[in-house]
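One structure below.
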Amino acid sequence: SPANAQRLAATGSFDHNPIPSEAPWSDELYRLYGVSPDAGPGSRKLAFSMIHPEDREKALGILDQISADGPSHRSVHFRIIRGDGEERMFHRRVDVTFADGRAVRIFGTVQDVTERYKAEHELQRGRENLARAQRVAMIGSFEHDIRTNEAEWSDEMFRILGIENTDAVPGLETLMALAHPDDRQRFLESRANEISGEITPALEYR
């Protein structure tokens, strides 16, 4: 059912009619905001009162970006502070219907993306910490997919090699162009042994 689908997706919806001003909430939207349906009908005023003060301008400005002669939909991320004090991250998407240049209907969905946001934030923090550690230790890292021949270098790898990440394509060809001519063959032989699964000693090269 639609109610089960909303619950599984942690996505509530509202259907706002500006004239008269009515905005029925789905059951899931009440749950997301931590409000009991018994407290009365949902409203824009109630929803906006729970938006984090630092995000109110961004969240409220979404409707100002929609006009009758432009895109009818917009989306925005913002934080709310529920009645129990818990802070959550929401993603709201609205679609506006116009008639004679006036908004006559605003349909929207609100999804709780808190856990995804936290995971992405932690991943970004981990990347920043790794980059900082590599910079301090002057150690670069690389990843090479032998099947597709696609390579990825860390920022410190580029810095160590003295090139900008916008000036060169990561990979063996770029590395060999920088390697000392007398050390290239030794490097390639060591790499071939590693790819074949042989245990190879650490390699130093110029």
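The values are calculated or read from the model by the stated rules, or taken from the named source; none is laboratory data. Since this is a predicted model, take the numbers as computed values, not measurements. Here Cβ is always computed from backbone atoms with ideal geometry, including for glycine, and neighbour counts include all displayed protein chains. Only protein heavy atoms, including side chains, enter the accessible area calculation; ligands, DNA and RNA are left aside. Shrake-Rupley method; radii C 1.70, N 1.55, O 1.52, S 1.80 Å.
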When segment 92-115 is checked residue by residue, the ones that are modelled with pLDDT under 90 and closer than 21 Å to TYR33 by Cβ are ARG92, ARG93, VAL94, ASP95, ILE106, PHE107, GLY108, THR109, VAL110
So, first residue open to solvent by 80 Å² or more (accessible area, probe 1.4 Å) in segment 148-164, second residue among the charged types (D, E, K, R), Cβ within less than 6 Å, six or more apart or across chains; the pairs are GLU152/GLU143
Could you tell me whether ASP183 is more than 30 Å from PHE78 (Cβ to Cβ) and open to solvent by 100 Å² or more (accessible area, probe 1.4 Å)? no
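Return the residues of segment 165-175 that are surrounded by 11 or more Cβ atoms within 10 Å (Cβ to Cβ) and closer than 13 Å to HIS144 by Cβ; say none if nothing qualifies.
Initial filter on segment 165-175 (surrounded by 11 or more Cβ atoms within 10 Å (Cβ to Cβ)): 165, 168, 170-175.
PRO170, GLY171, LEU172, GLU173, THR174, LEU175, listed by residue number.
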Residue within segment 142-153 that is out of contact with any Gly (no Cβ under 8 Å at 6 or more places or on another chain) and of a type in the set (Gly, Ala, Ser) present: no
Residue check, GLU128 open to solvent by 80 Å² or more (accessible area, probe 1.4 Å) and closer than 27 Å to GLY42 by Cβ: no
Could you check, for segment 97-117, whether at least one of its residues is closer than 30 Å to TRP25 by Cα, open to solvent by 80 Å² or more (accessible area, probe 1.4 Å) and of a type outside the set (D, E, K, R)? yes
